[in-house]
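The values are calculated or read from the model by the stated rules, or taken from the named source; none is laboratory data. Quantities reported herein were computed from a predicted structural model and do not represent experimental measurements. Here the Cβ positions follow ideal geometry from the backbone for every residue, glycine too, while neighbour counts run over all protein chains shown.
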C-alpha cells in the first residue's frame, strides 16, 4: 500500500526544526513534537503516581492511568508500559495522551514507568528500572487493586524492546508472572541487519541513522549488541514466553524486527497476534492529530 496520504502531507509540510545543540534541547524538541502529533489532550483516565526505589537507591516515578469504569473496582488487569524514544529520549509527559488512550481502549490500568535514560544510564539500567517497577507492581497487586495473574508488559519502539527483554529476564525470575506482551513497532536487533533498515532508511520520519545513534547511546560497547536482553530477536530460545501482540508499520526501519520476532515466537510455540499497519510510519500511535488511522490502532488491541 502507498504511504498514508495524511502522513505523507505531514512529512512534506512539517516545519524544519533547528538542530539541537545539546541532548537536553533534543529531548525537549522530541517531547514537543510527540505532543503536537497527538493533538488535543485525551480526556480519559484518572491519573495518579507513585515512586519505586531501585537497587542503587534511585527513585523512579510510575504514573497510573485507571479507566473511568474501573476506578472503584478491584482485581483489575494491568499493563506496565515503557515509553519509546531510543532509550535516550521520551518522557511520561510526552506519552501521557497515548497512555490515556491505552487505558480506555484496553480497559487495563496503565502503569507508565519513568525509567532512567541513556547515555547517562546505559544498558542495563533502563531495563532493570522497568523490571524493578514490574516487580513492585506484581508484589503489591492486591493493594493496587490488580489481578496478579493479568499483568501485561508493553511499550513502543525502544520501550517495546524493554518490554520484550523483561519477558526474557522473567524466565530467570519465576516469581514474576507476565500474562502477555504488547509490542508496538519494537526495536529488537542492535546489529540492525533487517532489510527494512535499508528499504526505509530515510524519508519516513525515523531514519536508520537515528536508530544507529540511539543504539550507540544505550549500549556500552559493540559486545552488548548480541546480548539477548539488548536484542531479543537474537535470543537462543523464545520458548515459554508470554503470548504477544505485535504491531509493525509498513514504512519503518524497524519493520523487519517486529516481523521476524513474530515469526520466531510462533516457531517457539508462543501465541502471536500480529498487526501490519499498512501505509503507516514509526510512531503511529502518537499520530492522532495527523491521520484517523492512528486512532484505529487502539481499537485493534485485544489483551
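Here's the yes/no breakdown for (1) in contact with a strand residue (DSSP E or B) (Cβ under 7 Å, 6 or more places away or on another chain); (2) buried (at least 21 other Cβ atoms within 10 Å of the Cβ); (3) at pLDDT 95 or above:
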site	(1), (2), (3)
60	yes, no, yes
101	no, yes, no
112	yes, yes, yes
119	no, no, yes
129	yes, yes, yes
133	yes, yes, yes
158	no, yes, yes
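Looking at this structure, is residue 91 in contact with a helix residue (DSSP H, G or I) (Cβ under 7 Å, 6 or more places away or on another chain), touching a residue at least 60 places away in the same chain (Cβ under 8 Å) and surrounded by fewer than 19 Cβ atoms within 10 Å (Cβ to Cβ)?
Yes: the conditions hold for residue 91.
When only residues in region 1-31 that are without any contact (Cβ under 8 Å) to a residue 12 or more places away in the chain and in a helix (DSSP H, G or I) count, which is nearest to the chain's Cα centre (by Cα)?
28
Please specify each residue of region 240-268 satisfying the condition of being under 22 Å from residue 152 (Cβ atoms) and in a strand (DSSP E or B).
Answer for region 240-268, where residues must be under 22 Å from residue 152 (Cβ atoms) and in a strand (DSSP E or B): 243, 244, 245, 246, 247, 248, 249.
Given 164, 118, 170, which one is under 21 Å from residue 275 (Cα atoms) and under 19 Å from the mean Cα position of the chain (by Cα)?
164
Considering only helices (runs of 4 or more DSSP H) fully contained in region 152-239, which possess at least 1 residues that are more than 29 Å from residue 137 (Cα to Cα)?
So the answer is 196-199, 208-218.
Mind listing just one residue for me: the one in region 228-250 that is touching a residue at least 24 places away in the same chain (Cβ under 8 Å) and out of contact with any helix residue (DSSP H, G or I) (no Cβ under 8 Å at 6 or more places or on another chain) and, of those, nearest to residue 284 (Cα to Cα)?
Restricting to residues being touching a residue at least 24 places away in the same chain (Cβ under 8 Å) and out of contact with any helix residue (DSSP H, G or I) (no Cβ under 8 Å at 6 or more places or on another chain), the top hit is 250.
Mind listing whichever residues of region 118-138 are in a loop (DSSP other than H, G, I, E, B) and in contact (Cβ under 8 Å) with a residue 40 or more places away in the chain?
Passing the criteria: 118, 119, 122, 123, 124.
Do you know which of the residues in region 260-287 that are over 17 Å from residue 204 (Cα atoms) and in contact (Cβ under 8 Å) with a residue 40 or more places away in the chain is surrounded by the most Cβ atoms within 10 Å (Cβ to Cβ)? I'd like the intermediate steps shown before the answer.
Going through region 260-287, the residues over 17 Å from residue 204 (Cα atoms) turn out to be 260-275.
Remaining after also requiring in contact (Cβ under 8 Å) with a residue 40 or more places away in the chain: 260-261.
Details: 260: 18, 261: 26.
Checking each candidate, the answer is 261.
Taking the conditions exactly as written (modelled with pLDDT under 95, within 30 Å of residue 26 (Cβ to Cβ) and either touching a strand residue (DSSP E or B) at 6+ places or on another chain (Cβ under 8 Å) or outside any helix (DSSP H, G or I) (or both)), does residue 91 satisfy them or not?
So residue 91 does not fit the description; no.
Can you name the condition, by its number, that residue 147 falls short on among (1) closer than 20 Å to residue 244 by Cα; (2) touching a helix residue (DSSP H, G or I) at 6+ places or on another chain (Cβ under 8 Å); (3) modelled with pLDDT of 95 or more?
Among (1) closer than 20 Å to residue 244 by Cα; (2) touching a helix residue (DSSP H, G or I) at 6+ places or on another chain (Cβ under 8 Å); (3) modelled with pLDDT of 95 or more, the lone unmet condition for residue 147 is (2).
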